[in-house]
Amino acid sequence: MVSLTTTDGYLHILNAENGKEIAVHEPFAGVEERCQSKAVLYEEDGKTKYGVYSLDDGRVFAVNPDGKERWLAYFKSLIPNQPTIGRSGKNVYVTLSSKSDDKSQISIVDDEKSLEYGIGEVGGPISYDGHKFGSAAMIQRQDSTSLVFGSYASGKSSFGSTFEYNTNDGEVTELADIGRNVVAPPVLNKNGDKLWLTTSNPENGNAEIFGWVEGSFSKSSFWYTDLGEYGKDVHYAPLLSNDETSLYVTSDRAVYRVDADTGAIIWKVDDLNICSQPILSPNNEYLFVIEETGGRISKISTQTGVISMEHNCSGSECQMISSADIAIGPDGKSIYFAFESGLVMAVEVTDAETMTPSQETSLTPSASPTLSPVLSLNDAR
């Protein structure tokens, strides 16, 4: 199963094997729809139980696998990020930005009761600069579950922090004020005692990456790496390798492999025109990158940084790809992505000399996909 949202607020569910549409969720009319959130899926016993996504106007939808609406929550605030589903599946966490000031909030929706509760106040906007940034990161800390997220301040501002929201008592605690614009959600290791952030320096616009690897997230306990000339305009969270030793950091022009413990750059691939969050193969041997113009896909070795395969999409519909995430099948044999024309494409990425498109789908209504497919690993059939 492949799920993707479009800018008109629809959620499309496709068969990953043949591209046929299984179901579609349509938001009710009456409000100008604009969606910048991907569908976030919750799985239980190996099957998708439900998914959630949000619209910019403050609506959050929960949708069942058959496309039927599970519940709708409406907030009188902007929603800059996609929702986050808690580990138990019971709660959905939504970050909210006020339309009138710089105040932000964390709100919880109970999936079983469809009720909103437990709001935490934040003293600044949450990671928003007109881009579709992802949700907060869930971590487990002792006996409580927490959300960690970053804040953004436009212009040359010294404000930029990471915060922790304790879901037991609703308290929001500032972890570190680093004086940077936090442009994507933090990444944490499995134990929740290491944290990494991609940031934008408000003075020179350079992309940077910060790492806290000593168990403390304070201002004085991090390493920091400036990505330099090719590190402008970073909009994506770093990717953490399965063994937690490497980070893959992406700007709009380059991809870096960085040592997760020290911040040292291991290799760099530049002269790219990246438009979306790259994705790692399940075995972490390869990194897949899609470029904006022409729909070129590059398969990069994570060990060497060498591009081993490329695919160039042909045809007029392939000239502009959606600024969207890529999805990959659980066996690593196919990736899925979308174009602004409404075309969704699956491409085989095996060890053959060339990548081969295996199926294509045009959505109805044809709308620019804001986030290309999000593949449910247990429903890819």
Practice task
Could you please let me know if K38 is assigned to a loop (DSSP other than H, G, I, E, B) and at pLDDT below 75?
Solution key: no
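Output the residue which, of all residues in segment 282-297 that are within 15 Å of Y336 (Cβ to Cβ) and open to solvent by less than 60 Å² (accessible area, probe 1.4 Å), is modelled with the lowest pLDDT.
Going through segment 282-297, the residues within 15 Å of Y336 (Cβ to Cβ) turn out to be 282, 288-290, 295, 297.
From what is left, the residues that are open to solvent by less than 60 Å² (accessible area, probe 1.4 Å) are 288-290, 295, 297.
Working: F288: 89, V289: 86, I290: 82, G295: 68, I297: 81.
The selected residue is G295.
Yes or no, residue by residue, for (1) at pLDDT below 80; (2) open to solvent by less than 10 Å² (accessible area, probe 1.4 Å); (3) aromatic (F, W, Y); (4) in contact with a Phe, Trp or Tyr (Cβ under 9 Å, 6 or more places away or on another chain):
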{"position": "K20", "(1), (2), (3), (4)": "no, no, no, no"}
{"position": "A29", "(1), (2), (3), (4)": "yes, no, no, no"}
{"position": "S54", "(1), (2), (3), (4)": "no, yes, no, yes"}
{"position": "L72", "(1), (2), (3), (4)": "no, no, no, yes"}
{"position": "S77", "(1), (2), (3), (4)": "yes, no, no, no"}
{"position": "I85", "(1), (2), (3), (4)": "no, no, no, yes"}
{"position": "D101", "(1), (2), (3), (4)": "yes, no, no, no"}
{"position": "S114", "(1), (2), (3), (4)": "yes, no, no, yes"}
{"position": "Y117", "(1), (2), (3), (4)": "yes, no, yes, no"}
Completion exercise
In segment 261-311, residues that are touching a helix residue (DSSP H, G or I) at 6+ places or on another chain (Cβ under 8 Å) and assigned to a loop (DSSP other than H, G, I, E, B) total 3
Exercise for the section: Could you please find all residues in segment 298-325 being in contact with a Ser or Thr (Cβ under 6 Å, 6 or more places away or on another chain), open to solvent by less than 20 Å² (accessible area, probe 1.4 Å) and at pLDDT 80 or above? Expected result: K299
Practice task
For R253, state whether it is open to solvent by 10 Å² or more (accessible area, probe 1.4 Å), within 22 Å of the chain's Cα centre (by Cα), modelled with pLDDT under 90 and on the phi < 0 side of the Ramachandran plot.
Solution key: yes
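The values are calculated or read from the model by the stated rules, or taken from the named source; none is laboratory data. Computed from a predicted model, the values in this text were never measured in an experiment. Every residue, glycine among them, receives a Cβ derived from its backbone with ideal geometry; neighbour counts consider all protein chains shown. Surface accessibility is based on the protein's heavy atoms, side chains included, excluding ligands, DNA and RNA. Shrake-Rupley method; radii C 1.70, N 1.55, O 1.52, S 1.80 Å.
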